[in-house]
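Asks: Mind having a look at this structure? Questions to follow.
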Amino acid sequence: MIPHLPLGQWVSDLIDWLLETVPWLFDAVAAVMQVLVDGLTDVLVSPPPVVWIVVFTVVALVLRGPWLALYTLLAFLLVVSLELWSETMQTLALVLVAAVVATAIGVPLGILAARRRAVSVAVRPVLDFMQTTPVFVYLIPAVFFFGVGVVPGVVATILFAIPPGVRLTELGIRQVDREVVEAARAFGARPGQVLREVQLPLALPSIMAGVNQVIMLALSMVVTAGLLGAAGLGAVVVRAVTQLDVASGFEGGLAVVLLAIFLDRLTGAFGQRTALSRLLHLRRQTERQQRPVGGAETGLVSPAG
Amino acid sequence: MLRVSGLTKVFGTREREALRLAGEGLGRDEIHRRTGSTLAVHDVSFSVERGELFVVMGLSGSGKSTLVRLLNRLIEPSAGTVEVEGRDLRALDDAALRTVRNEKISMVFQHFALLPHRTVRENAAYALKVRGAGAAEQRERADWALETVGLLDRAGARPDELSGGMRQRVGLARALAADSEVLLMDEPFSALDPLIRRDMQDLLERLQAELAKTIVFITHDLNEAMRLGDRILMLKDGRTVQLGTGPEIISAPADDYVADFTSDVDRTRVLTAGDLLREPRMTARLGDAPGTVLRALGAAEANGVLVLDGDGRLAGVARDDLLARAVQEGRPAIGPRDLVADHATIAADRPVVEFVHLVGRHVVPLAVVDAEGRLLGVVPRAAVLDALSAAPVRGRRP
């Protein structure tokens with residue numbers, strides 16, 4: 001007979017041990033998260049909705065162009081008319097904080113994995129584990145460590161959202177043309193210079209696709225976080241589900257979708273050539289054409305001076 | 001300038017064992033079968049003089065790309081030494097190695113390897129940026145290099161706006177701007193169209209005539225090797241098969257591998273007047289007696305003879321009919337007015353293709369002269385025909 005392996009008990013014991021040994025760590029993390037989310041929520045909710053709607057629309061216009069701007073305007077006006085503005089902003093604050101932290105952890109980890117084979121090998125199964133674990137499982141340790149409220153929601157969201165940041169950063173750096181990296185080294189660049197000047201810029205589209213995925217995953221986790229008492233659209237949906245309130249469930253869900261499309265289209269633009277960079281590029285080209293072009297260009301010329 | 005000795009590279013985990021087997025003379029396949037490691041380069045030695053264009057030639061898989069990367073330690077050698085200006089690169093720590101790469105050895109890549117997000121000028125200035133040069137110096141050096149390769153007017157463009165040939169000019173400019181003595185060129189023109197490749201070879205020849213860099217040039221194209229290389233190292237399965245000048249390799253290929261290559265080579269571009277040079281069967285001097293010279297012509301069954309002045313310079317041709325007239329008129333010595341310009345001259349370093357149309361057009365053979373006009377020798381028509389029709393000397397082939 002195969003003996004029973006008390007794996008679950010071990011994990012439970014580990015969590016207990018952590019709680020007894022380093023409680024200050026969780027307190028500190030909780031405090032920081034609380035401050036970040038509360039602060040950002042205040043900033044987003046305090047002014048009248050029209051202020052942020054204008055800002056979002058302008059940002060959409062600059063980064064993506066008139067169609068997304070139009071969508072942004074209509075989508076957020078709809079949110080206001082559904083009377084879900086402050087819930088949507090609470091959710092946005094939670095998503096942004098979680099996404100920023102997840103990116104801040106995921107991208108450096110991805111860089112490290114791309115540079116050190118051992119890190120890559122070690123990290124990969126952990127990422128597999130993180131991505132395939134059912135989302136609710138994240139909630140259990142989060143609750144143990146941080147109780148209820150917005151903080152465990154944010155922490156669970158961060159953990160859930162990290163993997164694509166790591167994976168796409170590593171992939172992006174690995175896909176950079178080997179010869180270009182070689183060229184930088186051949187001209188004496190330090191490893192840090194190669195990373196900053198060659199690998200990161202050339203991996204940027206992939207890294208930005210990772211950031212986009214991080215944000216989308218964070219948003220998808222928000223409703224789950226609502227179960228823990230995090231305020232926002234998640235709470236609206238959870239309340240609707242528990243009360244079987246189809247109407248407000250639909251409205252809350254719709255607001256999540258509207259926000260998701262806005263964030264996805266906006267951040268999807270990061271890696272590509274945006275309206276803004278097209279504009280800058282055009283200006284550079286005109287400048288170049290206006291500059292006088294001098295000299296016979298094919299002959300051999302001696303070193304100057 | 002650049003001295004390479006016993007350079008060896010094994011890819012794989014069982015490096016030591018593979019090295020030992022290679023030392024016992026086992027081939028690459030056998031070593032791979034026994035150890036799972038690949039012997040990429042084995043025991044290659046050569047030295048490149050200052051200002052020499054040294055070609056390493058081999059097919060894909062011959063180890064030539066690995067070899068060139070061992071020279072600046074982009075790939076770490078398994079054994080052997082690489083000395084640049086007497087300094088052993090393998091003894092350098094990382095920082096010192098980076099300095100050498102930045103200041104002493106530049107590299108040009110097969111697929112250009114430009115930074116796509118930087119302008120042409122920024123790419124050309126890369127080595128200077130790495131060494132921390134000021135913006136003004138970066139711009140000055142980059143612009144000089146771009147002007148040298150004829151691309152200054154595109155300095156503000158991005159690499160993806162340029163054609164392949166232009167991109168490789170940027171690659172070349174990046175190497176030149178670094179102002180390093182040694183240039184490593186890893187199949188720099190292989191990715192280009194044949195016409196563009198010809199242009200780039202011309203450009204490199206002109207650059208080399210002016211700048212006299214020490215160049216290690218990798219190629220799989222023997223015509224390119226013959227055209228550009230002062231000397232050529234033939235590489236096969238990571239080992240040196242033959243090392244010599246183009247004409248040496250053409251006229252005496254070391255084995256079938258080399259002979260197969262040379263059979264495709266356009267000999268008229270490789271062999272020079274100097275390679276076909278013969279001692280003239282007879283010459284005359286100003287002041288010789290016309291009658292004596294005429295009799296000698298008769299004995300040699302020739303119709304004319306090259307006449308030299310007192311310094312050995314070519315004065316012209318004495319034709320039999322004019323000599324006969326001088327004898328009739330009783331003149332004692334051949335003077336300038338007895339000569340005609342019924343001949344052609346060529347410098348010793350010119351390839352056959354440039355003078356083949358001159359051969360056999362005159363009563364005297366083609367005269368090979370040095371820069372002062374002194375006669376070095378002659379190229380008779382038969383010598384040209386012989387050289388162009390000769391089958392390469394084959395080693396073991398039946």
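Asks: Here is the link list: B:K104/B:K129; B:K9/B:K213; B:K9/B:K236; B:K64/B:K213. Which ones come out longer than 24 Å on Cα distance?
Replies: B:K9/B:K213
Asks: So for each of A:119-129, A:83-93 I average, over its residues, the number of other beta carbons within 10 Å; can you give me the resulting order with the highest mean first?
Replies: Ranked by mean Cβ neighbours within 10 Å, highest first: A:83-93, A:119-129.
Asks: With the Cα gyration tensor of chain A giving a ≥ b ≥ c as the square roots of its eigenvalues, does the rule (a/c under 1.5 for rounded; else a/b larger than b/c for prolate; else oblate) give rounded, prolate or oblate?
Replies: Oblate is the answer for chain A, as a/c is 1.5 or above yet b/c matches or exceeds a/b.
Asks: Over the whole of B:120-133, what's the average partner chain Cβ count within 10 Å per residue? Rounded to a whole number, please.
Replies: Mean partner shielding for this stretch: 2.
Asks: Still on this model: Just to be sure I follow: if Rg is taken over the C-alpha atoms of the protein assembly as shown and Rh is the Kirkwood radius over the same atoms, what is Rg/Rh?
Replies: Ratio of gyration radius to Kirkwood radius for the protein assembly as shown: 1.18.
Asks: Let me ask something additional. What distance in nm separates the simple spin-label points at A:M1 and B:A95, each placed 7 Å from Cα in the Cβ direction?
Replies: In this crude spin-label approximation the distance works out to 6.7 nm.
Asks: Other chains near B:98-111: what is the mean number of their Cβ atoms within 10 Å of each residue's Cβ?
Replies: For peptide B:98-111, the averaged partner shielding equals 3.
Asks: Now a separate question. In terms of modelled amide H atoms, which long-range or inter-chain residues lie less than 5 Å from the amide H of B:V108?
Replies: The list, which skips near neighbours in sequence, is B:L184, B:M185, B:D186.
Asks: Tell me the Kirkwood radius of the range B:237-320: reciprocal of the mean inverse pair distance over distinct alpha-carbon atoms, in Å.
Replies: In the range B:237-320 this quantity evaluates to 16.4 Å.
Asks: Using Cα pairs under 8 angstrom and six or more residues apart, how large is the relative contact order of the range A:60-182, in percent?
Replies: 31 percent
Asks: Now for a different question. Classify the range B:335-384: rounded, prolate or oblate, from the alpha-carbon gyration tensor (a ≥ b ≥ c, eigenvalue square roots; a/c under 1.5 rounded; otherwise prolate if a/b is larger than b/c)?
Replies: Oblate, since a/c reaches 1.5 and b/c is not below a/b.
Asks: Per DSSP H run of n ≥ 4, the term is -39500 (n - 2.57); total these for chain A, divide by its residue number, and report the mean residue ellipticity at 222 nm rounded to 500 deg cm²/dmol. The partial results should precede the final answer.
Replies: Working: 14 runs with 243 residues, N = 305.
Using -39500 (n - 2.57) per qualifying helix, the result is -27000 deg cm²/dmol.
Asks: Also: To the nearest whole number, what is the average tally of beta carbon atoms from other chains within 10 Å of the beta carbons of peptide A:237-243? Before the final figure, lay out each step's value.
Replies: Details: counts 0, 0, 0, 0, 0, 0, 0.
Mean shielding count: 0.
Asks: If you don't mind, another one. For Cα pairs less than 8 Å apart in space and 6+ apart in sequence, what is the mean separation divided by the residue count of the range B:250-398, i.e. the relative contact order in percent?
Replies: Working: 260 pairs, mean separation 47.8, N = 149.
The value is 32 percent.
Asks: Do you know the relative contact order of chain B, to the nearest whole percent, from alpha carbon pairs under 8 angstrom that are 6+ apart?
Replies: The value is 15 percent.
Asks: Per residue of the range B:36-44, in order, report the coupling 6.51 cos²θ - 1.76 cosθ + 1.60 (Karplus, θ = phi - 60°) as ³J(HN,Hα) in whole Hz, putting x for Gly and Pro.
Replies: x, 9, 9, 8, 7, 9, 10, 6, 9
Taken together, the values in this text are just the output of simple stated rules run on the coordinates, not laboratory data. Remember, predicted model here, so these are calculated numbers, not experimental data. Note that we place each Cβ from the backbone using ideal geometry, even for glycine, and neighbour counts take in every protein chain shown.
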